[in-house]
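The values are calculated or read from the model by the stated rules, or taken from the named source; none is laboratory data. This structure is a prediction, so every number in the text was calculated from the model and none was measured. Every residue, glycine as well, gets a Cβ built from its backbone with ideal geometry; the counts of neighbours run over all protein chains shown. Areas reflect the complete protein model, heavy atoms only, side chains present, ligands, DNA and RNA absent. Shrake-Rupley method; radii C 1.70, N 1.55, O 1.52, S 1.80 Å.
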Amino acid sequence: AAPSTEVSPEELQKFSRITKQVLTVTKDAETQIVRAIRKAGFTEAQFDEIYQAQSDPATQSAKPLSAKDKERYDQTIAQIRQIQQTTQTQVETVLKTEGMDLQRFNQILAIVQNDPKLLQEVQRLMKS
């Protein structure tokens, strides 16, 4: 069976509730990540620069990382991964609670992104 490109009003309401909850969860995760970065003594810009340099050795940062900074960076990355894992679990729980699988959620997301009227309806539903 091909995925449905039709979205029922019930599905749209469910999608809107899920989206609202997921946005809250991800916003909370972003706040926790920024807090972890700052607690380690980095600014977001410094952390991003180190992350880029660690991810792509061709991107050399202005100065090499000291052993202490590398340790702080590694601990922060571990915290961020834990936050991301928790966030993923929370999103899965929201989907399960609302009774929609991730595949259908993503299908509706694609449909809504390409349909201005549906997008407006989702925004309206999210406000109520």
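Data for the structure
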read-out	value
Flag for I80 being touching a Leu at 6+ places or on another chain (Cβ under 9 Å) and either on the phi < 0 side of the Ramachandran plot or in a helix (DSSP H, G or I) (or both)	no
Residues satisfying the stated conditions in region 80-128, i.e. open to solvent by less than 60 Å² (accessible area, probe 1.4 Å), polar (S, T, N, Q) and within 16 Å of E10 (Cα to Cα)	Q107
Enumeration of residues in region 1-52 that are open to solvent by 60 Å² or more (accessible area, probe 1.4 Å) and farther than 30 Å from M100 by Cβ	R35, R38, K39, T43, E44, A45, Q46, D48, E49, Y51, Q52
Top-ranked residue of region 53-73 - restricted to ones that are surrounded by fewer than 13 Cβ atoms within 10 Å (Cβ to Cβ) and not in a loop (DSSP other than H, G, I, E, B), ranked as nearest to the chain's Cα centre (by Cα)	S55
Long-range neighbours under 6 Å by Cβ, at least six apart or interchain, first residue under 17 Å from K68 (Cβ atoms) and in contact (Cβ under 8 Å) with a residue 12 or more places away in the chain within region 32-56, second aliphatic (A, V, I, L, M) and surrounded by 15 or more Cβ atoms within 10 Å (Cβ to Cβ)	F47/I37
